[in-house]
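> Got a structure here, written out as structure tokens. Questions coming.
The values are calculated or read from the model by the stated rules, or taken from the named source; none is laboratory data. If you're wondering where the values come from, they're calculated on a predicted model, not measured in any experiment. Cβ sites come from the backbone with ideal geometry, for glycine too, and all protein chains shown count toward neighbours. Surface accessibility is based on the protein's heavy atoms, side chains included, excluding ligands, DNA and RNA. Shrake-Rupley method; radii C 1.70, N 1.55, O 1.52, S 1.80 Å.
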Amino acid sequence: MTKLIAGLLCAFVTLQGSLAFANEQDMLTKEARTVMKGFGMELKSTLVAAMKSGGPVNALGVCNTKAGPITMKNARDSGWNIRRTSLKLRNPSNKADAWELAVLNDFEAKKAAGANPKKLEHSAIIEKDGKKTFRYMKAIPTGKACLLCHGAGIKAPVKEKIAAHYPSDKATGFQLGDIRGAFSLSKELK
Ligand code: HEC
């Protein structure tokens, strides 16, 4: 009888433990989504304004000078590590780490199996450099406006400016609906 009670108690404690864990991960996922949306909207509105005022060549220069500072500002304001990454990079400093690379490859496999790229996201709590870390990624699909600078038929003046700023650019040749890359957010847990 005591054994049974002990067993039940044990099961209960374990269940509570995993529920707490699931709740923590759910809460962090929600927070990451909110931070990512704010960041994504700021990037997009900056891009749209730059396109309106001077077309893609001007917007390319704006992306070049503003993408980094906008990312840093959103990270500072939110307390999250924020970045964008991709399997085909424009800016080499956005290179994926091993965890991000595995998630990006998994997104590609899921898309190939028919998943909607707009809905692909992944979160996990992992050990990073000996510290418990929450990580979140969300795929960024290629929209029509992205093709001007990431598509197959990029116009000569845009192409030249890309080559000038990003001599090792790999981020062209994308088609509508392709996964252009992903947002990647992380936070060290106490
Ligand atoms: C006006 C040209 C232009 C347009 C339009 C554009 N991008 Fe980019 N994109 C860039 C530049 C320039 C960079 C490199 C920014 C940097 O130096 O961090 C970049 C970088 C990125 C990155 C970061 C990963 C990497 O390769 O360095 C992602 C993801 C991305 N773009 C997605 C998109 C998506 C999605 C759209 C459409 C909504 C889009 N871009 C539209 C010029 C553009």
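> Can you name the condition, by its number, that residue 108 falls short on among (1) in contact with a helix residue (DSSP H, G or I) (Cβ under 7 Å, 6 or more places away or on another chain); (2) in contact (Cβ under 8 Å) with a residue 40 or more places away in the chain; (3) not aromatic (Phe, Trp, Tyr)?
(1)
> Follow-up question, since we're still on this one. Kindly list the number of the only condition in (1) open to solvent by 30 Å² or more (accessible area, probe 1.4 Å); (2) within 8 Å of the ligand (Cβ to nearest atom); (3) out of contact with any His (no Cβ under 7 Å at 6 or more places or on another chain) that fails for residue 64.
Result: residue 64 fails condition (3) only.
> Just the residues that are free of Cβ contacts under 8 Å to residues at least 24 places away in the same chain and under 17 Å from the mean Cα position of the chain (by Cα), please, taken from the range 32-50.
34, 37, 41, 44, listed by residue number.
> When the residues of the range 174-190 are filtered to those that are part of a loop (DSSP other than H, G, I, E, B) and more than 14 Å from the ligand (Cβ to nearest atom), which remaining residue is surrounded by the fewest Cβ atoms within 10 Å (Cβ to Cβ)?
It comes out as 190.
> Among the residues of the range 72-87, is any assigned to a helix (DSSP H, G or I), modelled with pLDDT under 95 and among the hydrophobic types (A, V, I, L, M, F, W, C)?
Within the range 72-87 (the criterion being assigned to a helix (DSSP H, G or I), modelled with pLDDT under 95 and among the hydrophobic types (A, V, I, L, M, F, W, C)), the answer is no, since none of the residues qualifies.
> What do you reckon, is residue 171 among the hydrophobic types (A, V, I, L, M, F, W, C), within 15 Å of the ligand (Cβ to nearest atom) and over 19 Å from residue 30 (Cβ atoms)?
yes
> Continuing with the same structure: Going through the range 123-152 one residue at a time, which ones are of a type outside the set (Val, Ile, Thr) and away from the ligand (no atom under 16 Å from the Cβ)?
123, 124, 127, 128, 129, 130, 131, 132, 134, 135
> (1) of a type in the set (A, V, I, L, M); (2) open to solvent by 30 Å² or more (accessible area, probe 1.4 Å); (3) under 19 Å from residue 32 (Cα atoms): which one isn't true of residue 148, the others all being true?
Every listed condition holds for residue 148 apart from (3).
> Can you list residue pairs whose Cβ atoms sit under 6 Å apart, with the first residue in the range 65-93 being closer than 14 Å to residue 42 by Cα and the second being within 14 Å of the ligand (Cβ to nearest atom) and small (Gly, Ala, Ser)? Count only pairs 6 or more apart in sequence or on different chains.
82/75; 83/184; 84/181
> Still on this model: Looking at (1) open to solvent by less than 40 Å² (accessible area, probe 1.4 Å); (2) farther than 26 Å from residue 69 by Cα; (3) assigned to a loop (DSSP other than H, G, I, E, B), which is the one condition that is false for residue 171?
(2)
> Which of the residues that make up the range 106-145 are open to solvent by less than 80 Å² (accessible area, probe 1.4 Å), of a type in the set (A, V, I, L, M, F, W, C) and in a loop (DSSP other than H, G, I, E, B)?
Residues satisfying the conditions are 115, 120.
> Same structure again: Identify all residues within the range 39-55 that are within 8 Å of the ligand (Cβ to nearest atom) and open to solvent by 40 Å² or more (accessible area, probe 1.4 Å); write none if there are none.
Answer for the range 39-55, where residues must be within 8 Å of the ligand (Cβ to nearest atom) and open to solvent by 40 Å² or more (accessible area, probe 1.4 Å): 44, 47, 51.
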